[in-house]
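Contents: one structure, followed by commentary.
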Amino acid sequence: MGFFTRLFGRDDAAKRDAASLYAKLMQQSRNPQFYGENRFPDSYDGRIDVLTLHIAIVLEALRSFDEQGQRLSQALFDEMKDDFEIALREEGISDAGVKKRIKPMIQLFYTRVKDYTESLPMDGIKSVAANLHEKDGFKMSSTFLDELQLYSVTFRQTLSDKTLGEIASSQFNFPDL
């Protein structure tokens, strides 16, 4: 969005759609079915991982669309980054501290998105998710990993059947986990 657009407050459809889409993904990523014993840890890192998985699947779906899909992808990323910055500020971190902490968070996000999207067509979601928290002593069950793989592939398939407008306006349902 350009300087004059921001200055005069013109409504940006991609930004508005991204805010709605991000809110829907955030709500789903807080679903208690993802967390607990032998699942993702119910912690800051675990919740970020589940959110990242959902965003990665949406970003992968948006790749099949033209420039408008790229605009929505960028707006979705910007919405997430803004939300992370707000969360850090709410923790009492100064502007300088936010800048210092947000960069590694974004790098980790890109790494995870890349890992998830590259592994999505195969059975790779299971291995990516299994390795995320193992170093912290948090092991996911093979049953949950199978369910997560099926959930991810089904969610991606659901989005592939949707138009850009349907995705942008969050007109889709999440599969059961």
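The values are calculated or read from the model by the stated rules, or taken from the named source; none is laboratory data. Just so you know, these numbers come straight off a predicted model, no measurement behind them. Cβ: placed from backbone, ideal geometry, glycine included. Neighbour counts: every protein chain shown. Just so you know, the surface numbers come from the protein's heavy atoms only, side chains and all, with ligands and any DNA or RNA stripped out. Shrake-Rupley method; radii C 1.70, N 1.55, O 1.52, S 1.80 Å.
At a glance:
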{"read-out": "Selection from the range 158-170 of residues that are touching an Asp or Glu at 6+ places or on another chain (Cβ under 7 Å) and open to solvent by 50 Å² or more (accessible area, probe 1.4 Å)", "value": "SER169"}
{"read-out": "Filter result for the condition that a residue is crowded, with 18+ Cβ neighbours inside 10 Å and either within 20 Å of ILE57 (Cα to Cα) or touching a Pro at 6+ places or on another chain (Cβ under 8 Å) (or both), over LEU108, LEU150, LEU132", "value": "LEU132"}
{"read-out": "From the options PHE77, PHE138, PHE155, PHE144, residue that is over 18 Å from ALA56 (Cα atoms), surrounded by 14 or more Cβ atoms within 10 Å (Cβ to Cβ) and at pLDDT 90 or above", "value": "PHE144"}
{"read-out": "Given (1) assigned to a helix (DSSP H, G or I); (2) in contact (Cβ under 8 Å) with a residue 12 or more places away in the chain; (3) open to solvent by 60 Å² or more (accessible area, probe 1.4 Å), number of the condition ASN173 does not satisfy", "value": "(1)"}
{"read-out": "Helices (runs of 4 or more DSSP H) fully within the range 1-113 counting 2 or more residues that are closer than 24 Å to LEU159 by Cα and in contact (Cβ under 8 Å) with a residue 24 or more places away in the chain", "value": "13-29, 44-62, 67-90"}
{"read-out": "Residue within the range 116-126 that is open to solvent by less than 50 Å² (accessible area, probe 1.4 Å) and aromatic (Phe, Trp, Tyr) present", "value": "yes"}
